[in-house]
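*Asks:* Quick one: structure below, then a few questions.
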Amino acid sequence: MALVGPVIFQVTGYQDSGKTTFIEKLLHGLKAEGLMTAVIKHHGHGGKPDVLPKKDSTRHLEAGAIASIVEGEGRLLLQTEQLEFKLDKQINLLGLFNPDIILVEGHKQESFPKMVLLRDTRDLSLIKMLKNIAAVVYWEEGMEGAISEVLEVPCFHIGDAKAEHQIVRLLKQMHDMETADSNN
């Protein structure tokens, strides 16, 4: 039997468009479907992400370690310092945990299948700039017409409870297709 790779799916949009909140909803739905999911978040706010000060792992990094892992009761925390971590390296690292799906928050310009969150009409330029859009979730009423003029993908208002369900269904179908392809 061939090894099945995880489905990679991006959740993109400008800052404060609801990416993290939507990912949380997807995670609940994917877990309910029995799918193991990992998440990569792009820290797009400039600078390094926060770390816990005065913890041993942080002290190890400050002393010159390139990586520090802390494990306890099944929780594993990894901190590492390098010049840059390309998305493919992050995906390879998470692949060690054998997830069914890896959700990528951000990294807009990557070519993986993605959904785009649009706050208002000023964000419409994203759907022309990005590749491989599989779904759009919008905030401002009346945007669906402008979106459908450019894309033929499922569109949902952020308040539509079916949005998360439909995206979870799409991800499950992508996973099932990947699994079927590996068995042939």
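The values are calculated or read from the model by the stated rules, or taken from the named source; none is laboratory data. Just so you know, these numbers come straight off a predicted model, no measurement behind them. With ideal geometry, Cβ positions are generated from the backbone for all residues, glycine too; neighbour counts draw on all protein chains shown. Note: accessible area is taken over every heavy atom of the protein model, side chains too, but ligands, DNA and RNA are not part of it. Shrake-Rupley method; radii C 1.70, N 1.55, O 1.52, S 1.80 Å.
*Asks:* How many Å² of accessible area per residue for region 108-184, probe 1.4 Å?
*Replies:* 57 Å²
*Asks:* In square angstrom, rounded to the nearest 10, how much accessible surface does Asp160 have for a 1.4 Å probe?
*Replies:* Taking all protein chains as shown, Asp160 has close to 40 Å².
*Asks:* Considering amide H positions built from the backbone, and no H for Pro or chain starts, which residues 5 or more places from Val137, or on another chain, come under 5 Å of its amide H?
*Replies:* Val116, Leu117, Leu118, Phe156
*Asks:* By what distance, in whole Å, do the Cα atoms of region 101-184 stretch along each of the three principal axes, largest value first?
*Replies:* Sorted largest first, the three principal extents are 44, 28, 22 Å.
*Asks:* Got a sec to turn the phi values of region 18-26 into Karplus ³J(HN,Hα) couplings, 6.51 cos²θ - 1.76 cosθ + 1.60 with θ = phi - 60°, whole Hz, x for Gly and Pro?
*Replies:* Each residue's phi maps through the Karplus curve to give x, 4, 5, 4, 5, 4, 4, 5, 4 Hz.
*Asks:* Provide the percentage of antiparallel DSSP beta bridges, counting only those with both residues in the chain; round to the nearest 5.
*Replies:* Taking every DSSP beta bridge within the chain, about 20 percent pair in antiparallel fashion.
*Asks:* On the Cα set of region 78-134, report Rg and Dmax in Å, please.
*Replies:* 14.2, 40
*Asks:* Using a probe of 1.4 angstrom, how much of the accessible area of region 53-162 is carbon and sulfur, in percent?
*Replies:* Carbon and sulfur together cover 52 percent of it.
*Asks:* So what's the angle, to the nearest 10 degrees on a 0 to 90 scale, between helix 162-183 and the longest Cα principal axis of the chain?
*Replies:* For helix 162-183, the angle is close to 70 degrees.
*Asks:* A further question follows. Taking mean projected area of the Cα convex hull in nm² as the quantity of interest, determine which of (i) 9.2; (ii) 12.6; (iii) 10.1 was computed from the displayed structure.
*Replies:* Computed from the coordinates, mean projected area of the Cα convex hull in nm² corresponds to (ii).
*Asks:* Separate question: Check the straight Cα-Cα distances from Lys89 and name the lysines below 20 Å, setting aside those fewer than 8 residues away within the same chain.
*Replies:* Lys41, Lys48, Lys108, Lys114
*Asks:* Considering the options Leu30, Ala180, Leu170, tell which one lies farthest towards the positive end of the dipole of region 30-184, charges being +1 on Lys and Arg and -1 on Asp and Glu at the Cβ, about the Cα centre.
*Replies:* The residue sitting most towards the positive pole is Leu30.
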